[in-house]
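One structure is given here, and the rest of the page talks about it.
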Amino acid sequence: MISRASTRGRSGALLAAPVVLVLALSPFLGAQQTDRAKRLGQRMMCVCGCNQILTACNHVGCTYSHGMLKELDGRIARGDSDEVILQSFVQEYGPTVVVDPPKTGFTGLVWLVPIVAPLLALYLVWELVRRWRQRATPAPAAEPSLPRELLDRARREAGPQTDE
Amino acid sequence: MPYVGVTLAGVQIFFLTLNNFVTSPFRVFGGADPSGALHVARLSDGSGLNPLLQYYEMVIHPPILYLGYTGFTVPFAFAMAALLGRYPGEKWIHITRRWTMVAWCFQTVGILLGAHWAYAVLGWGGYWAWDPVENAALLPWITGTAFLHSVMMQEKRGMMKVWNVWLVFVTFMLCILGTSLTRTGVVSSVHAFAESSIGSWFFTFLGVVFLVCLAAWWKNRDYLRSDNQLDSLVSRESSFLFNNLILLAACFAVLWGTLFPVLSEAVTGNKISVGPPFFNRVNVPIALFLLFLTGVGPLLAWRKTSYDALRRNFAWPLVGGIAAGVLALALGFRDFYPLVCLILSVFVTLTILAEFYRGGRVIASRDGTNILTAVGELTMRNTRRYGGYVIHFGMVLIFIGISGSAFNQDQQKEMSVGDALSLGPYTILCQNFDQPSTANYTSDRATLEVFRDGKSQMMLYPEHRTYLASQVSETIVAVESTPLRDLYVVYAGHSPETGRPVIHAYLNPLVKWIWFGGIVVVLGTGLAMFPNRSSALVLRTATEKTWGENRSPQAATASAPFLQRTGHD
């Protein structure tokens, strides 16, 4: 037998768990603000073939990332806008330098399909479930098993005693 | 099942052909001169192992991932055999359940070891970059997870037979696709060291496998009719259905993003990059919905769940989750996804704990034992179900660990001896630079003292090594890992302008939860594969029964309840 007090104690321990978790994360709430170079660097890929974000590529001996980051700093110091900087990098290194594919034209499909496909799949599942449930409903008998006169008489007699 | 042997042999013949005739691992390096004579390239001791792979986890990461990939061949072979032979019932599923779980477990461990290697060796401060080869390992893991869930629908209700067969087929094909992405270099990756020119072989094999699967299914599709229909949308069946839908959506999104650069180049002639932000934007909401289903699904009843049962099972976990969210908001949490992840993690954890507690309480009150003994007894009576809950809890820990990345901080600085770098609560003071060397490499090493609140806490020694044989450099990261945060310090090289060493420090919260969650997942999988205690009693009873006629009727009656399997999912 479990006493109510001990049950409350365990419930309290269970409810304390989220508090501990939140407190564990709270020292990180004051995360630093990234500067503009870091933010822009995260919108570009290193073109050395490592397939990493520009600011994340720290391959020792990478012949691209250091120069690209210096160039980025230089353009920011010159006062270029974000879009101008991105376009200049595309001109220089090709379209693979941009992390996010453009949302227009053929490359827009990369964004569109992962949204449309699950919705389509959801619709198909919904349709499947609907069909299953329809099949699960028993079909009414084609002919009543009792003579029609007998059924009519039973309905008349039961009518006053039953609600619609 | 002769078809099983044929299928396994077919797969084996393909790989043995590759190894023996196409890309032998014992190939001689060199070439023919104009006269046709073969000149063997001679290196006294070779170039050594790729420096990136000179790390102890690399001894076990590839074979473990390999076991995951190859393990999925067994359920594939049994599914194919059941279909071709039109074997009745779900016998192939019972036979392959442990095989599937073992393969899935190895795949999980292989992926996590790869992530840990990337974290400890590549030195960019993270563990998952959505690299095409990482994605290739994730894809069969996702479909394998979907199969492990949907297979229960077939076992319990005789439903989703076509779906299950195709999930196994797709999982196997994704294993082959993953291998081909790693080995062919179709997409650019940090794993380029494994590239060779065997792409056409792999894609031909993949095409043949797909056609065989399609033909086998088409010819025998009438054998796969469902025995039952869905009775209610609020039921275990529908939760599995949605769980599978979400997992397949995630799988498709990852596959789509991975292969889109190739598709774009084929259609428009321009190769583009699909980087981590795409995968994060698409997959994070999907993963969170999956986390929600992880909490909801196991507590719904088969066929139909009543309102009372819903209220009974979900009220307190829901209150706990919302309370955690309110508390987090009060403490200043403003990032949407980590907040949702926190709420759902608490919700799922409480549903799991409540499930153990409810079952344990019944046994405790009946047997007069304490609750912990009762929970142990409960778990051992239905290892599959409660092992599954342990796996779910491990996944919750992994989700919490991943959500910590929203709070990552980093600082980079050119440093000389005596310089300091501040990051979060830490101050890193540069004490010394030296150049230790071994027969294998020379190294630039920093000696850093870490202070917290003015008190010295630890010494860290990040390195930047150059391997002599290959003349390739790499970083050796210094990580101080605690359950709350990792202080991760990289010797990033030297500034080209000043020649001074560059130190890059990261503060990554909760990373350890990911590795610990992985261990919990492995333990849960082991538990789920363990035979039920009641099954052992069934065996014992059956053995006693066959031993003779001398058992008393009372003894037979006493053991009768054990003849009924109590295990359920």
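The values are calculated or read from the model by the stated rules, or taken from the named source; none is laboratory data. Nothing here was measured: the structure is a model prediction, and the numbers come from that model. Positions of Cβ are generated from backbone atoms using ideal geometry, with glycine treated the same way; all protein chains shown enter the neighbour counts.
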TODO: Could you please let me know if B:Arg366 is assigned to a helix (DSSP H, G or I), in contact with a Gly (Cβ under 8 Å, 6 or more places away or on another chain) and of a type in the set (Lys, Arg)?
DONE: no
Task: Given (1) of a type in the set (Phe, Trp, Tyr); (2) in the same structural domain as B:Met173 (by TED's automatic domain parsing); (3) in contact (Cβ under 8 Å) with a residue 24 or more places away in the chain; (4) within 29 Å of A:Leu40 (Cβ to Cβ), number of the condition B:Phe242 does not satisfy - done: (4)
Open item on the list: Residue under question is B:Gly68, and the condition is that it be on the phi > 0 side of the Ramachandran plot and in the same structural domain as B:Gly10 (by TED's automatic domain parsing); does it hold?
Closed with: no
Open item on the list: Would you confirm whether or not the stretch B:303-320 contains a residue that is in contact with a helix residue (DSSP H, G or I) (Cβ under 6 Å, 6 or more places away or on another chain), within 12 Å of chain A (Cβ to nearest Cβ), surrounded by 21 or more Cβ atoms within 10 Å (Cβ to Cβ) and assigned to a helix (DSSP H, G or I)?
Closed with: yes
TODO: Can you work out which of the residues in the stretch B:256-299 that are at negative phi and outside any helix (DSSP H, G or I) is surrounded by the fewest Cβ atoms within 10 Å (Cβ to Cβ)?
DONE: B:Asn270
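What number of residues in the stretch B:265-299 are at the interface with chain A (Cβ under 7 Å from one of its Cβ atoms) and in contact with a helix residue (DSSP H, G or I) (Cβ under 8 Å, 6 or more places away or on another chain)?
Residues flagged as at the interface with chain A (Cβ under 7 Å from one of its Cβ atoms) and in contact with a helix residue (DSSP H, G or I) (Cβ under 8 Å, 6 or more places away or on another chain) within the stretch B:265-299 amount to 9.
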Task: Positions within the stretch B:327-346 being within 9 Å of another protein chain (Cβ to nearest Cβ), surrounded by fewer than 21 Cβ atoms within 10 Å (Cβ to Cβ) and among the β-branched types (Val, Ile, Thr), in sequence order - done: none
TODO: Can you run down the residue pairs with Cβ atoms below 8 Å, 6 or more apart or on separate chains, where the first is in the stretch B:183-212 and at pLDDT below 90 and assigned to a helix (DSSP H, G or I) and the partner is surrounded by fewer than 18 Cβ atoms within 10 Å (Cβ to Cβ) and hydroxyl-bearing (Ser, Thr, Tyr)?
DONE: B:Arg183/B:Ser196; B:Thr184/B:Ser196; B:Thr184/B:Ser197
Task: Test set (1) more than 12 Å from chain A (Cβ to nearest Cβ); (2) surrounded by fewer than 21 Cβ atoms within 10 Å (Cβ to Cβ); (3) assigned to a helix (DSSP H, G or I); (4) more than 25 Å from the chain's Cα centre (by Cα) - B:Leu378 fails condition number - done: (2)
- [ ] Being within 14 Å of chain A (Cβ to nearest Cβ), more than 30 Å from B:Ala406 (Cβ to Cβ), of a type in the set (Asp, Glu) and in contact with a strand residue (DSSP E or B) (Cβ under 9 Å, 6 or more places away or on another chain) narrows it down to one of B:Asp444, B:Asp434, B:Asp486, so name that one.
- [x] B:Asp444
- [ ] Select from the stretch B:88-129 the residues that are more than 14 Å from chain A (Cβ to nearest Cβ) and of a type in the set (Ser, Thr, Tyr) and list them in ascending order.
- [x] B:Thr96, B:Thr100, B:Thr108
TODO: Hand me the list of helices (runs of 4 or more DSSP H) wholly inside the stretch A:1-86 holding 3 or more residues that are at pLDDT below 50.
DONE: A:4-25
TODO: Go through A:Leu86, A:Leu69, A:Leu124, A:Leu120 for me and flag whichever is surrounded by 14 or more Cβ atoms within 10 Å (Cβ to Cβ) and within 11 Å of chain B (Cβ to nearest Cβ).
DONE: A:Leu69
Open item on the list: Can you confirm whether B:Ile519 is within 14 Å of chain A (Cβ to nearest Cβ) and of a type in the set (A, V, I, L, M)?
Closed with: no
Open item on the list: Just the residues that are among the charged types (D, E, K, R) and touching a Ser or Thr at 6+ places or on another chain (Cβ under 6 Å), please, taken from the stretch B:397-421.
Closed with: B:Glu414
Task: Residue in the stretch A:91-109 that is of a type in the set (Asp, Glu) and out of contact with any Ser or Thr (no Cβ under 9 Å at 6 or more places or on another chain) present - done: yes
Open item on the list: What's the total number of residues in the stretch B:130-165 that are part of a helix (DSSP H, G or I), over 16 Å from B:Ala249 (Cβ atoms) and over 14 Å from the mean Cα position of the chain (by Cα)?
Closed with: 12
TODO: Considering (1) within 33 Å of the chain's Cα centre (by Cα); (2) within 12 Å of another protein chain (Cβ to nearest Cβ), say which one A:Thr63 fails and leave the rest.
DONE: (1)
